[in-house]
């Protein structure tokens, strides 16, 4: 199994709690994603002033070398674009632009990728470039590969589905251009069903589910390693260029991401809020305010991490109820059953039956 | 100039052409900016005249309710003028609407000025302006609205196959200028309802461009948008009078064929496919052209169930695309 697919969180990075970035830290290059978003809106007849309004970003910033914007600014930009471009099309347009536009740094990578595995490896490692709001984890079980997307900096509830639309379209479009045929990707979205089902149908196919537990996409494993072209020097050059670009950007860990990893490490006995605040060098009140400004409620996040872990153990590791309950430090099975129902809305037995019916 | 010269048809023709030329060279049409400036000058003139001929009322004499009511009316009529000027092309209908609204504005503005200034009894031109401008303005506005109605009827002829019975500009797709998926769903339920009352089936065609992503990658997304727009015009020409064309999503178009059975729908689909196959899309000024190809899925249903019809059309389209893909791989892998 390739190294990056292993589920091995790095414990040391989690404790480096003064290295994470918050909503107002500027690290997203304004020459790439913001410029793409402005172009997309202009293609739909929306003037750039309307897109940039309230973001603190001006036209001349696009030409300034090394100019960066914060997550909050990007979120505002996305909200403007979403509101101005109708028919729920904005995310899909961004996804296609990321995969296709000659100005996109991924455009040179996609046509030379020998296999889906090589492409996904590279996309996973440089996710900070094209997806500053969401970060990705890859898991493989004996049948499928799963890409699970989570927020990077804040819970970004308003723009989360926009990013999922864009990322799903990017992955579908780029893998399709390697294989030269559509692949049977399956998509799960945590958002409820939107009224623009036609966009999902046309851009992602008919395998989309809404109201799920996680934001994830999966593909049968047999498509991963089929070589569609040889490992050329051009691919290595493209890969090297994009890795250097990623290094130059020095993508920091987001606050949400850090919190998530911190809790994932302590899943057996999640610390109370005050203790967690101490680990993050903050007083409980400051810590609470900080969480709130990033759209996080501590107990909700603890439950979410537990829920995601139990789903991971059931679906990917194939563990049984007792093993999962023990791993999450539940001594009493009925207690675990009740908690699981509270997190997911289903009892563990129902959940396993649903997984089996999905397969 | 002799009588011969005047009566000779050549001279008349020439003089006529000279007249039209000079007319077209200096069209005396005021731009919307100039009209807006005119309104501002009018409002300022009224204000200055009031200040020059009358005197400002004392604070205690001002009735604030009247200020709010009449000032509000003036502001709103001014905002209508701005809306008309910013949205409509120049022409007779705009002039009538503008003229009517300017008169109404002049009257309400004067009304407002009367509340804050006191004109002498002997020189009370303000009240006469008020009483003449308002009815005149309403008459001119009514004429303008009547002309606007006739203009709308003419435009509706141009919008045939794009809309029927129901209009909502929020539902229009910007790239192709036809209705989007929401408009399609509304029209589909209207069409199915009326077809069901005559116990006739309704058909839906979904048309998808082949290799559109490849086209976008090669020529850029802006050219892709232009292709979609021109394809829409082409499809519209090849549909029947009662059919409606909408943009479904991405590169997928939808055509509602009301009161059409499966056989006729297949015929229309074939005609559309032929039309697309012969469509030369020119890239910029080049003589070379791109010939797009399309795959069409069709579905027909007699019961009133728009969602099921949409789902069936989608499935039919996806099935045809899969068949086409496997046929293509068969062709490339089989030795000749």
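None of the figures in this text is laboratory data; all of them are computed from the coordinates on show. This is a predicted model, so every value here is computed, not measured. Because the Cβ atoms are built from the backbone with ideal geometry, glycine has one as well, and the counts that use them run over all protein chains shown.
General remarks:
- Mean-position separation - Cα centroids, segment A:305-334 and segment B:72-90, in angstrom: 65
- Seen against the Cα atoms of chain B and their longest principal axis, helix B:306-333 is set at about 50 degrees.
- Shape class for chain B: prolate, because the ratio a/c of the largest to smallest gyration tensor axis (alpha-carbon atoms, square roots of eigenvalues) is 1.5 or more and a/b beats b/c.
- More than 26 angstrom apart: percent of Cα pairs within segment A:73-201: 19
- For chain A, relative contact order (Cα pairs under 8 Å, six or more residues apart, normalised by length) works out to 18 percent.
- Neighbour-count ranking [beta-carbon atoms within 10 angstrom, fewest first] of B:53, B:295: B:53, B:295
- Structural descriptor for segment A:266-358: relative contact order 23 percent, calculated from alpha carbon pairs under 8 angstrom and at least 6 residues apart.
- With the convex hull of its Cα atoms as the shape, segment B:31-158 has an orientation-averaged projected area of 8.5 nm².
- When the Cα atoms of segment A:55-112 are aligned to their principal axes, the ranges along those axes come out at 38, 34, 18 Å in descending order.
- Look at the Cα gyration tensor of chain A: its axes a ≥ b ≥ c give a/c of at least 1.5 with a/b at or below b/c, and that counts as oblate.
- On the basis of the beta-carbon distance and an R0 of 35 Å, residue A:231 and residue A:343 show a calculated FRET efficiency of 0.20.
- Residue-span extension gain [residue B:234 to residue B:121] - 0.36 nm each, minus C-alpha spacing: 33.8 nm
- Taking all Cα pairs closer than 8 Å and separated by 6 or more residues, the relative contact order of chain B comes to 14 percent.
- Segment A:182-297 shape via C-alpha gyration tensor axes, a/c threshold 1.5: oblate
- FRET efficiency, 1/(1 + (r/R0)^6) with R0 56 Å, evaluated for residue B:37 and residue B:241 via beta carbons: 0.75
- Taking label points 7 Å from Cα along the Cα-to-Cβ direction, residue B:82 and residue A:26 give a separation of 3.3 nm.
- Peptide B:219-225, shielding by other chains (average Cβ, 10 Å cutoff): 3
- Computed [θ] at 222 nm, deg cm²/dmol, the protein assembly as shown (DSSP H ≥ 4; -39,500 (n - 2.57); rounded to nearest 500): -18500 deg cm²/dmol
- Approximate shape of segment A:266-358 as ellipsoid semi-axes (Cα gyration tensor, √5λ), whole Å, largest first: 29, 14, 11
- Among A:281, A:105, the order by Cβ neighbours within 10 angstrom, fewest to most, reads A:281, A:105.
- Ranked by how many other Cβ atoms sit within 10 Å of their own Cβ, fewest first, the residues B:257, B:283 fall in the order B:283, B:257.
- Computed from the C-beta positions of residue B:283 and residue A:180, the FRET efficiency with R₀ = 22 Å rounds to 0.45.
- Scattering profile of the protein assembly as shown at q = 0.05, 0.06, 0.09 Å⁻¹ [log10 I(q)/I(0), Debye over alpha-carbon scatterers]: -0.37, -0.52, -0.98
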